1. If you count, for each residue, the other Cβ atoms within 10 Å and average over each peptide, how do 82-90, 164-172 line up from highest to lowest?
2. What translational D, rounded to a whole number of µm²/s, comes out for the chain from Stokes-Einstein when the hydrodynamic radius is the Kirkwood one over Cα pairs, at 4 °C and 1.567 mPa s?
3. Please report, in whole Å, how far the alpha carbons of region 130-233 spread along each principal axis, starting with the longest.
4. Where in the chain are the DSSP H helices whose C-alpha atoms run 18 Å or more along the long axis and whose mean Kyte hydropathy is at least 1.0?
5. Only bridges with both residues in the chain count here: give the DSSP antiparallel percent, nearest 5.
6. How high is the relative contact order of the chain? Use alpha-carbon pairs under 8 Å, at least six apart in sequence, and give a whole percent.
7. At a Cα cut-off below 23 Å, give the lysines reachable from K209, other chains included and same-chain residues fewer than 8 away excluded.
8. Just subtract the alpha-carbon distance of E187 and K269 from 0.36 nm times their residue separation and send over the number in nm, one decimal.
Amino acid sequence: MKNAKKILALLLCAVMLFAFAACTKDGGETTSALDTTAPAATDVKINVAAIKGPTGMGMVELMDDEKYNFTLTGDPTEIVALISTGAVDIAACPLNLAANLYKKTNGGVQMIALNTLGVLYIVTGGADLASISELKGKTLYATGQGTTVEYILNYILTENGLTPGEDVQIEYLSEHSELVAKMAAGEVEYGVLPQPFVTAATAKNDQLKVTLSLTDEWSKISPETKLSMGCVIARKDFIEKNPDALAAYMEEYKKSVENVNADAEAAAKKIVAAGILESEAVAAKALPGCNIVFITGGEMKNIATANFEVYFSADPTSIGGAVPGDELYYGA
């Protein structure tokens with residue numbers, strides 16, 4: 001009897017040792033049929049950078065989620081260092097910055113979504129302006145000389161038969177706040193401002209009025225595409241190592257965009273609490289004009305490419321010297 005028990009015990013030990021061996025890799029590392037090459041979405045802490053403006057406002061519902069560690073910045077150029085050094089995994093940024101980072105990192109980033117269409121508007125000191133062509137002979141004030149703002153404005157003027165600097169004089173100021181102050185004081189009759197500075201200006205002077213949306217004017221010229229000024233990028237190595245976490249982020253981000261657009265008052269409270277804007281009233285009023293979207297896949301690629309072609313024609317260096325290829329676009 002005792003011998004039988006010993007034999008049974010030895011057999012059980014052998015079975016257990018065999019099972020353990022079957023669950024090890026060549027290097028002695030334990031594994032099992034449940035192991036995967038990528039960590040579960042719930043196990044990944046994602047570092048995200050967002051800009052204090054429309055490109056960051058759509059993410060506001062994610063900012064209190066413990067799965068995400070957010071860095072907010074008022075300077076889009078900070079995104080370059082954050083992404084390049086691996087300090088963040090995902091970042092909201094201006095559209096042309098995505099192309100530049102793609103070039104700078106040798107294809108080390110991918111665009112995962114467009115998150116903002118055009119946010120530029122022509123504001124007047126009370127004058128009516130029914131079309132771009134009516135700017136002939138006028139002086140238009142703007143900010144962003146040498147940036148995509150200038151390229152977009154020149155493209156729209158030119159396509160409407162106006163030569164910038166000849167038919168329309170353009171005076172560029174260095175800061176949005178400077179132009180807001182001049183318009184509020186009645187010193188400027190025609191100005192180009194982005195949201196939420198449009199709302200800030202009209203709040204200071206009720207004689208100011210929004211007359212034209214450059215997003216709408218772009219669509220009149222190129223109805224098959226759209227003006228887009230903001231997107232979301234991710235490091236390619238993060239995408240490859242964490243597909244489940246990225247998918248979860250995309251789903252939650254999409255819901256955040258939907259909720260922000262559906263309830264401006266509730267979103268405004270969160271936007272101010274997050275430190276993106278200072279005034280709930282300005283945030284709530286500005287939101288509809290911020291054109292916050294969530295566009296992915298082929299539509300993202302088509303819209304971005306059309307915008308890049310305009311930027312390339314104006315200044316190839318603005319997008320890294322070339323229109324990016326299909327490899328830039330995740331899921332397209």
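1. Numbers: 82-90: 18.7, 164-172: 14.9.
Most protected by this proxy first, the peptides run 82-90, 164-172.
2. Details: Rh = 22.1 Å.
For these conditions, the coefficient is 59 µm²/s.
3. That works out to 39, 38, 26 Å along the principal axes.
4. Numbers: long enough: 2-22 (30 Å, 1.59); 243-262 (29 Å, -0.62); 297-314 (26 Å, 0.01).
Qualifying helices: 2-22.
5. Numbers: 24 of 40 bridges.
Restricted to the chain, the bridges split so that about 60 percent are antiparallel.
6. Details: 568 pairs, mean separation 88.1, N = 332.
Dividing the mean separation by the residue count of the chain yields 27 percent.
7. Cross-link targets: K136, K138, K182, K220, K285.
8. Working: separation 82, 0.36 × 82 = 29.52 nm, distance 3.28 nm.
So the extension gain works out to 26.2 nm.
The values are calculated or read from the model by the stated rules, or taken from the named source; none is laboratory data. This one's a predicted model, so the numbers in the text were calculated from it and none came from an experiment. Here the Cβ is made from the backbone with ideal geometry for all residues, glycine too, and neighbour counts use every protein chain on show. Ligands, DNA and RNA are stripped out before the accessible areas are found, and what is left, the full protein with its side chains, is counted by its heavy atoms. Shrake-Rupley method; radii C 1.70, N 1.55, O 1.52, S 1.80 Å.
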